[in-house]
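Report on the structure given below.
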Amino acid sequence: MVISMIGQLGRNVMHGVAKIGDATMFGLASLRLLFSRPWQGKHFVMQMYAIGVGSLIIIVITGAFTGMVLALQGYHMLVKVGTESLLGPAVALSIIRELGPVLAALMFVGRAGSSITAEIGIMRVTEQMDALEMMAVNPQARVMLTRIIACALALPLLVGIFDVVGLYAGYLIGVEMLGVNGGVYMGETIDKIDMIDIETGLTKSIYFGLLIGIICTFMGHRATATTEGVAKATTQAVMLCSVMVLILDYIITSFYL
Amino acid sequence: MIKIVSLNHEFGSVKALDNINLNIEKGKVTVIMGGSGSGKTTLLRLLAGLTPPTSGSIFFAGEDLAKVSRKRLYELRMRVGMVFQYSALLNSLNVYENVAFTLHEHTDLDESVIQTIVTMKLEQVGLRGFEDMMPSQLSGGMAKRVAFARALAMDPQVVFFDEPTSGLDPISAGVVSSLIHETTVKTRMTSVVVTHDVQAGLDIADHVILLWEGKVIAEGKSESIKQSDDPRVQQFIEGRPNGPIPFSRSQTAYIDDLMHKPGCVRMS
């Protein structure tokens with residue numbers, strides 16, 4: 001009983017490691033096609049539009065409410081120790097370094113990542129991948145690579161928008177509603193935010209974008225070619241991306257302290 | 001046109017194709033028939049170079065598909081068209097864009113020239129005027145005809161058809177069958193059709209290949225196939241449920257399973 005459980009655990013771990021290896025190889029093989037002809041320029045732009053603009057509304061809403069709740073919560077904590085003048089930097093640092101990239105990435109997974117996996121899975125079920133192959137168009141370059149790159153470019157931009165909206169929403173709550181001095185709020189924020197903070201956020205968002213792109217295309221590509229298989233792959237892709245984003249977030253943060 | 005030499009293909013331990021040797025002639029309609037699981041779709045995928053074979057060679061115009069580079073394979077594919085079982089139209093593009101897809105991808109023709117070609121191909125399949133429809137708005141038969149037009153866009157030397165008549169009503173199936181025959185004669189292309197539709201298959205075929213359990217059991221003109229005295233061939237053509245090809249795939253005795261006899265319960 002115990003032995004078989006340990007055996008099962010071992011098999012699951014081996015299976016997981018093998019899958020990570022597969023996904024990495026798949027990602028690298030796709031990215032390598034970036035330097036091969038034909039150049040997929042037009043298709044990058046089309047994917048950027050589909051993925052990026054499609055996620056805009058949800059990112060703006062999430063950003064606004066994150067900024068608002070941070071200001072509200074932060075004010076009530078800071079005011080107890082009389083340091084509400086630090087509300088600005090508290091909100092700004094949380095958003096720029098952590099919450100912006102992470103929350104935007106999680107929303108992005110739900111909005112864009114899931115649809116990438118499902119779309120690729122369905123393209124496989126309906127033989128569209130084979131059709132591309134037969135029409136002498138490399139599906140890995142046309143379908144996979146364009147989506148991976150689009151994710152890696154769109155997410156940093158979305159995080160930028162998330163940050164701006166979040167900071168402004170925080171300012172509105174902190175200054176206009178709770179009455180912190182506007183000059184102090186802005187002054188402290190500008191004073192305490194360094195280039196390294198913005199760099200951290202940007203680095204995170206690029207890696208998150210790449211990660212989401214690779215995982216979501218990989219899961220779609222490896223989905224069993226049935227309706228059930230696509231459904232399962234989509235769920236797994238969203239779960240895996242969310243967890244990996246949080247793990248990667250910790251790793252990158254530890255490099256940027 | 002296509003020559004297959006001692007071709008084998010396995011999925012895990014299951015042997016899907018067993019030592020196949022075939023010659024597909026230029027300018028003819030070759031029909032590959034067989035029941036479900038006989039290996040005919042696998043054979044078509046190997047012929048199209050979508051799956052590499054476990055062993056053996058497929059020579060397309062003298063070049064071994066398993067040995068050519070990916071780049072060369074794509075060059076060869078520009079001379080090949082394929083009509084898939086479920087049409088496989090790209091559903092983000094409309095009919096015009098689907099038919100024009102390969103022309104947009106692989107040629108530098110002016111849009112007006114492409115438009116002319118697309119109009120001609122759609123006329124050929126009787127769907128001129130449907131350019132702006134999306135694949136989701138088409139019926140199965142229409143989608144298959146659009147897929148046919150798309151396969152013809154580059155004036156291919158060889159066109160592969162995977163179950164061209166399955167899932168279609170008798171009229172649409174007849175239309176598609178006669179389209180295949182007519183186009184092959186008119187444009188002198190080579191057609192390879194995989195089907196389990198015996199009547200349609202025998203009607204359009206110049207050459208018939210009958211597969212059973214991954215082996216070729218009969219080969220020749222439609223007439224000689226019809227008159228074959230191989231009981232397996234006759235069973236398939238007449239569609240009888242029982243004969244040398246058994247209806248039941250069960251491996252154990254029915255009575256043993258009903259009696260729950262130990263040792264007869266299949267574990268998988």
*When the Kirkwood radius is taken over all Cα pairs of segment B:1-134, what Stokes-Einstein diffusion coefficient follows at 10 °C and 1.306 mPa s, in µm²/s?*
92
*Check the straight Cα-Cα distances from B:Lys221 and name the aspartates and glutamates below 14 Å, setting aside those fewer than 8 residues away within the same chain.*
B:Glu25, B:Asp203, B:Asp206
*Bins of 5 Å, starting at 0 and running to the largest distance - Cα pair percent for chain B*: 1, 5, 12, 15, 17, 15, 12, 9, 6, 4, 2, 1, 1, 0, 0
*Of B:Val208, B:Gln234, B:Pro170, which is farthest along the charge dipole of segment B:152-236 in the positive direction, counting Lys and Arg as +1 and Asp and Glu as -1 at C-beta?*
B:Val208
*If R0 is 25 Å, what FRET efficiency do you get for A:Thr227 and B:Phe11 from their C-beta distance, rounded to 0.05?*
0.70
_Modelled FRET efficiency - R0 25 Å, A:Ser85 with A:Tyr250, Cβ distances, 0.05 increments_ = 0.25
*If you build a Gaussian network model of chain A, linking Cα atoms that sit under 10 Å apart, which residue out of A:Asn12, A:Asn138, A:Asn181 swings the most?*
A:Asn12
_Count of Lys pairs (Cα-Cα under 25 Å; at least 8 positions apart or interchain) in chain A_ = 4
_Semi-axes of the equivalent ellipsoid for the protein assembly as shown, Cα gyration tensor, largest first, Å_ = 56, 30, 19
*Can you tell me the dipole magnitude for segment A:40-256 around its Cα centre, using point charges on the Cβ only (Lys, Arg +1; Asp, Glu -1), in Debye to the nearest 20?*
440
*Per-residue mean of other chain beta-carbon atoms within 10 angstrom of the beta-carbon, peptide B:100-110?*
2
*Go ahead and set up a Gaussian network model of chain B, Cα springs under 10 Å, then flag whichever of B:Ala149, B:Ala218, B:Ala253 fluctuates most.*
B:Ala253
*Would you mind checking B:Lys15/B:Lys144; B:Lys144/B:Lys186; B:Lys40/B:Lys67; B:Lys28/B:Lys144 for any pair whose Cα atoms are more than 27 angstrom apart?*
B:Lys15/B:Lys144
*For segment B:62-140 and segment A:95-157, compute the distance between their C-alpha centroids and round to whole Å.*
24
*Scaled to the compact-protein estimate 2.2 N^0.38 Å, what is the alpha-carbon radius of gyration of segment B:76-193, rounded to two decimal places?*
0.97
*How do A:Tyr256, B:Tyr86, A:Tyr250 rank when sorted from fewest to most other Cβ atoms within 10 Å of their own Cβ?*
A:Tyr250, A:Tyr256, B:Tyr86
*Longest to shortest principal axis, alpha-carbon extents of segment A:151-226, angstrom*: 59, 27, 13
*Give the residue from A:Val164, A:Phe108, A:Met5 lying farthest towards the positive end of the charge dipole for the protein assembly as shown; charges sit on Cβ (+1 for Lys and Arg, -1 for Asp and Glu) and the dipole is referred to the Cα centre.*
A:Met5
*Please find the FRET efficiency linking A:Ala29 to A:Asn181, where r is the Cβ-Cβ separation and R0 is fixed at 56 Å, and quote it to the nearest 0.05.*
0.50
*Restricting to chain B, what percent of DSSP beta bridges are antiparallel, rounded to 5?*
55
*Taking a point 7 angstrom from the Cα of B:Ala61 along the C-beta vector, which residues in segment B:152-167 have backbone N less than 11 Å away?*
B:156-158
_Treating only the Cβ of Lys, Arg, Asp and Glu as charged (+1, +1, -1, -1), what charge dipole size does the protein assembly as shown show about its Cα centre? Round to the nearest 20 debye._
980
*Number of partner chain Cβ atoms within 10 Å, mean per residue of B:86-92*: 6
*Tell me, A:Met134, A:Met1, B:Met133 in order of fewest to most beta-carbon neighbours within 10 Å?*
A:Met1, B:Met133, A:Met134
*What is the distance in Å between the Cα centres of segment B:1-20 and segment A:186-250?*
43
_Length released on extending from B:Arg79 to B:Glu123, taking residue separation times 0.36 nm less the Cα-Cα span_ = 13.7 nm
*Could you give the spread of the C-alpha atoms of segment A:40-256 along their three principal axes, from largest to smallest, in whole angstroms?*
68, 33, 31
*Among A:Met77, A:Met123, what is the fewest-to-most ranking by other Cβ atoms within 10 Å?*
A:Met77, A:Met123
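Throughout, read-outs are computed from the coordinates displayed, never taken from laboratory work. What you see is a predicted model; the values in this text were computed from it and never measured. Positions of Cβ are backbone-derived with ideal geometry, glycine not excepted, and every protein chain shown enters the neighbour counts.
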